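This report concerns only the one structure given below.
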Amino acid sequence: MSEDYRSMWADLGLDLEAHDALLGVLGKAYQDIYLSQKDRPDGMGYFDFVMSEVHGLRIRELLDEKEAGRKIIGSYCVFVPEEIVLAANATLVGLCSGADFAMDEVEKLLPRNTCALIKSLFGFKLGKVCPYLESTDMIVGENTCDGKKKAYESLNHLVKNLYIMDLPQVKSEQGRTLLKSEYDRFKTAVEELTGVSITAESLKQAIQMVNAKRSAIHRLSSLRKADPAPISGLDALLANQVFFYDNPARFTESVNKICDALENRIAEKKGVFPEKTPRILVSGCPQAVPNWKLPFIVETSGAVIVGEESCVGERGTRNLTDESCRTVEEMMEAIVDRYYQVDCAIFTPNPERLKHIQEMVATYKANGVIHYSLQFCQPYLMESISVEKALEEKNIPTLRIETDYSMEDVGQLKTRIEAFIEQIQ
Amino acid sequence: MCFAGIDIGSRTIELVVVDDAGEIVLSLQTDTGFDPKSEADNLVNGVSFDRIMATGYGRNLFEISFDAPTVTEIKAHVRGVLAIFPGARTVLDIGGQDSKAIVLYENGKVKKFEMNDRCAAGTGKFLEIMAKTLGFEIEAFGREALMAKKDLNISSMCTVFAESEVTSLIAKGLSRREIARGLHTSVIRRAASMINRVSSEGDIVFTGGVAKNQCIRKLLSEKLGREIHIPDDPQMIGALGAALLAADNR
């Protein structure tokens, strides 16, 4: 890594020694999990490059943007509307939350029995190893699950720029009204932060840009219907992860390039796994970088993942925002309509999610569903029981997994996943 | 032709060889120890067979050194059970560090299974450590527990917590047998809830090392009110299943 980055990281206040250790682990994991895959499609080099520079070049770009007067806004949730951020000439980035770090420090502030994702976001702050977090001008916390909303109360003591967005938990007229007023309040806050007034033109452009990014992912997803699968679930998950980090225009272009390559592969009947490899849909909690444990086990046990019903996946990208509106007010309504369809398990009741899982099983011709929950994540753990029951009533084999970011359960997970694959074969 | 199955468990390793007709011609067992690869190699050394299949938590270790195909314990136990009890629909396997409840379709295919996540609570390891805490040989542990005059409640399932609980019960002057019985009851509660989650009725075939424990067998059948069948050598079922699967794939 160049010296340039080291001084950049030092300026951001990172703990260089700890950060070196993190990059060492990340690099090794990426090597073992990603680069060891065979027959990866052309164009994946883009993601390899993005990942190799995830704390380097991308941070440099963000700092250059800041230098040029743009603001950086960080988020932990798909409910933070990127359209509003882009329209105010700012950049939205997803913040680190996919690995255990500085857990001894974290457990001074959070109960041990808190989900890995929340503990992780604290770990990256306390361990001073997330350059994204340290680059932000505003961090958006959102009142989703009880764990997150209470944890933000503590995070507020650790950072100076936390903005809290409230979210409805019931899809009702009042719920939609709350979301609308929160998005209006967020728009004002972003305008104040950036000093830029959002106009009909800038908002329209932003909507188009984010829609283009989502459409590229839709195209990628749709190519995963093919058998043999033209891309591994690991690589497709990576695309869904990089969605949160990269420059939107470059991301869209690069994903579309990969899709061109995949179309050629499909025409040649060429896949990353043999034809008739058991196909699995993963459903449940988000999998942030570098949480690759589950897909790695699945895809080294004789199955391929063909879809992610997840916030880092189809739940987060499924819907587009209506592009036909003219005024800022109409567009804000369209944005609310778009995000209001996200079927996160924090909503009660949440029947849409089950419908979407079943649709995805049919669309991607999945042979079974692995329901992935993080330990202590009540909303998804609770839904996992009713989801499993409903799917099995429709003869869709389902395996419920409850895990965290540690490696201590890999042996048992591997046995359960292999047995599940034997079951659906 | 001869077909071998090797089950490399956390506690013991079993090797079974079957002939063309699926009859057992050889069965061997050894402790896993701290070097399962060498123990497995020693066990196989000098045994003749045409094909071998590996199962158990150490299956991948064996896959590398012997280039043997592997199968999960779940599939292996089901195959082994079906050879002995062809109509079986529910299988309970409690081994050294894992426990599994498996329910089958009428055709013998796996319909659903449950398995412990990461903790070895309620498995052979738990019983072994508790026997040691109470100063019983593992073979005598179940027999002694059966002789207890009454049951007592042990609330901890975590091995370390249960050890503290046992220590405090000993300090209170309670009988070793009663404490042993309480520990067996706590294992049963866990196994029964696992079984009940996947299957609500019918006979159960019980395999794995813990099935040799008389107290567990008796308490489990009382608790579930269902018939429990135990193969003659319940620990060998995984290896037998693997051998039969090697034969099936010939």
Membrane-span-like helices (DSSP H runs, Cα span along own axis at least 27 Å, mean Kyte-Doolittle at least -0.5) in chain A -> A:200-223, A:248-267
Exposed-site-free run, longest, chain B (rule: chymotrypsin sites (Phe, Trp or Tyr not before Pro); DSSP loop; at most 11 other C-beta within 10 Å)
B:106-250
Explain nothing, just the number: dipole magnitude of chain B about its Cα centre with +1 on each Lys and Arg Cβ and -1 on each Asp and Glu Cβ, in debye rounded to the nearest 20.
1140
Is region B:163-219 rounded, prolate or oblate when judged by the Cα gyration tensor, a ≥ b ≥ c being the square roots of its eigenvalues, rounded requiring a/c under 1.5 and prolate requiring a/b larger than b/c?
prolate
Bin width 5 Å, alpha-carbon pairs only: give the P(r) of region A:358-425 as whole percents, running from 0 to the bin holding the largest distance.
3, 16, 23, 24, 21, 10, 2
Dipole size in debye (nearest 20) for region A:296-425 around its Cα centre, Lys and Arg Cβ +1, Asp and Glu Cβ -1?
300
Amide H neighbours of B:Met53 at under 5 Å, excluding residues fewer than 5 places away on the same chain, with H built from the backbone geometry, are B:Ala4, B:Gly5, B:Ile6
Based on the alpha-carbon gyration tensor of region A:1-128 and its eigenvalue square roots a ≥ b ≥ c, which shape applies: rounded if a/c is under 1.5, prolate if not and a/b is larger than b/c, or oblate?
rounded
Loop-located GluC sites (Glu not before Pro) in region A:336-425 whose Cβ has at most 15 other Cβ within 10 Å (DSSP)
A:Glu408
Just to check I understand the Karplus step: with θ = phi - 60° and J = 6.51 cos²θ - 1.76 cosθ + 1.60, what whole-Hz values come out for region A:279-292, glycine and proline as x?
10, 10, 9, 9, 10, x, 6, x, 10, 7, 4, x, 7, 10
The alpha-carbon pair-distance distribution computed for region A:277-345, with 5 angstrom bins and whole-percent values, is 3, 15, 19, 16, 14, 10, 9, 6, 4, 2, 0
Mean-square fluctuation check for chain B, GNM, Cα pairs under 10 Å: which of B:Glu137, B:Glu163, B:Glu178 is largest?
B:Glu137
What is the Cα centroid distance between region A:186-205 and region B:95-143, reported in whole angstrom?
60
For region B:45-55, Karplus-derived ³J(HN,Hα) couplings (6.51, -1.76, 1.60; θ = phi - 60°; whole Hz; x for glycine and proline) come out as 4, x, 8, 9, 7, 8, 9, 9, 10, 10, 9
When the Debye formula is applied to the Cα atoms of region B:27-155, each taken as the same point scatterer, what base-10 log of I(q)/I(0) results at q = 0.16, 0.18, 0.19, 0.22 Å⁻¹?
-1.05, -1.20, -1.24, -1.32
Roughly how compact is region A:58-188, stated as its Cα Rg over 2.2 N^0.38 Å to two decimals?
1.09
How big is region B:82-239 along each principal axis, measuring the range of its Cα positions in Å and listing the largest first?
53, 28, 28
How many partner chain Cβ atoms sit within 10 Å of a residue's Cβ in peptide B:118-130, on average, as a whole number?
1
Across 20 Å bins from the origin, how do the percents of Cα pairs in the protein assembly as shown run, short distances first?
17, 45, 29, 8, 0
Only helices at least 27 Å long along their axis, Cα-based, and averaging -1.0 or more on Kyte-Doolittle count here, so list those DSSP H runs from chain B.
B:176-198
Could you pull the Rg and Dmax for region A:147-196, using just the Cα atoms, both in Å?
13.1, 36
Unit charges at the beta carbon, dipole of region B:130-250: most positive-side option, B:Gly241, B:Ile138, B:Ala162
B:Ala162
Heavy-atom accessible area order for A:Ser232, B:Ser175, largest first, 1.4 Å probe
B:Ser175, A:Ser232
GNM flexibility winner over chain B from B:Asp232, B:Asp35, B:Asp203 (Cα, springs under 10 Å)
B:Asp35
Regarding region A:88-133, what whole-number volume in Å³ per residue does the convex hull of its Cα atoms give?
77
For region A:138-228, the Rg and Dmax computed from alpha carbons only, in angstrom
17.4, 51
Project the alpha carbons of region A:3-73 onto their principal axes and report the range along each, largest first, in whole Å.
42, 27, 22
In debye to the nearest 20, how big a dipole does region A:103-219 give about its Cα centre with +1 on each Lys and Arg Cβ and -1 on each Asp and Glu Cβ?
420
Give the calculated FRET efficiency between B:Lys218 and A:Glu392 to the nearest 0.05, with a Förster radius of 51 Å applied to their Cβ-Cβ distance.
0.95
Between B:Leu127, B:Leu92, B:Leu152, which gets the highest mean-square fluctuation from a Gaussian network model of chain B, Cα cutoff 10 Å?
B:Leu152
Ordered by residue, what ³J(HN,Hα) values in Hz, to whole numbers, does region A:135-142 give under the Karplus form 6.51 cos²θ - 1.76 cosθ + 1.60, where θ = phi - 60° and Gly and Pro are x?
8, 6, 8, 8, 10, 9, x, 10
In region B:54-123, with Lys and Arg counted as +1 and Asp and Glu as -1 at Cβ, which of these residues, B:Ile64, B:Thr123, B:Phe113, has the Cα nearest the positive end of the dipole, that is, farthest along it?
B:Phe113
Here, region A:312-425 modelled as identical Cα point scatterers in vacuum has Debye log10 I(q)/I(0) at q = 0.17, 0.20, 0.24 Å⁻¹ of -0.94, -1.16, -1.42
What does DSSP give for the protein assembly as shown in terms of the percent of beta bridges that are antiparallel, rounded to the nearest 5?
40
Cut-off under 5 Å, modelled amide H: who pairs with B:Ile228 long-range:
B:Ile204
Among A:Phe347, A:Trp292, A:Thr321 - extreme Cα towards positive end, dipole of region A:229-363, charges at beta-carbon
A:Trp292
Considering only DSSP states other than H, G, I, E and B, which GluC sites (Glu not before Pro) in region A:52-158 qualify as loop sites with at most 16 other Cβ atoms within 10 Å?
A:Glu53
How crowded by other chains is A:410-423, given as the mean number of beta carbons from other chains within 10 Å of each beta carbon?
6
Where Rh denotes the Kirkwood radius from the mean inverse Cα pair distance, what is Rg over Rh for region B:108-159?
1.09
Can you pull out the GluC sites (Glu not before Pro) in region B:1-79 that DSSP calls coil and that have at most 10 other Cβ atoms within 10 Å?
B:Glu23
So who's got an amide H within less than 5 Å of the one on A:Ile280, skipping anything under 5 residues away but keeping other chains? H placed 1.01 Å off N, in plane.
A:Val304, A:Ile305, A:Val306, A:Asn367
How large is Rg over Rh for region B:174-250, taking Rg from the Cα atoms and Rh as the Kirkwood inverse mean of 1/r across Cα pairs?
1.08
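The values are calculated or read from the model by the stated rules, or taken from the named source; none is laboratory data. Everything numeric in this text was worked out from a predicted model, so none of it was measured. FYI the Cβ positions are ideal-geometry reconstructions off the backbone, even for glycines, and counts take in every protein chain you see. In case anyone asks, the SASA skips ligands and DNA or RNA and just uses the protein heavy atoms, side chains included. Shrake-Rupley method; radii C 1.70, N 1.55, O 1.52, S 1.80 Å.
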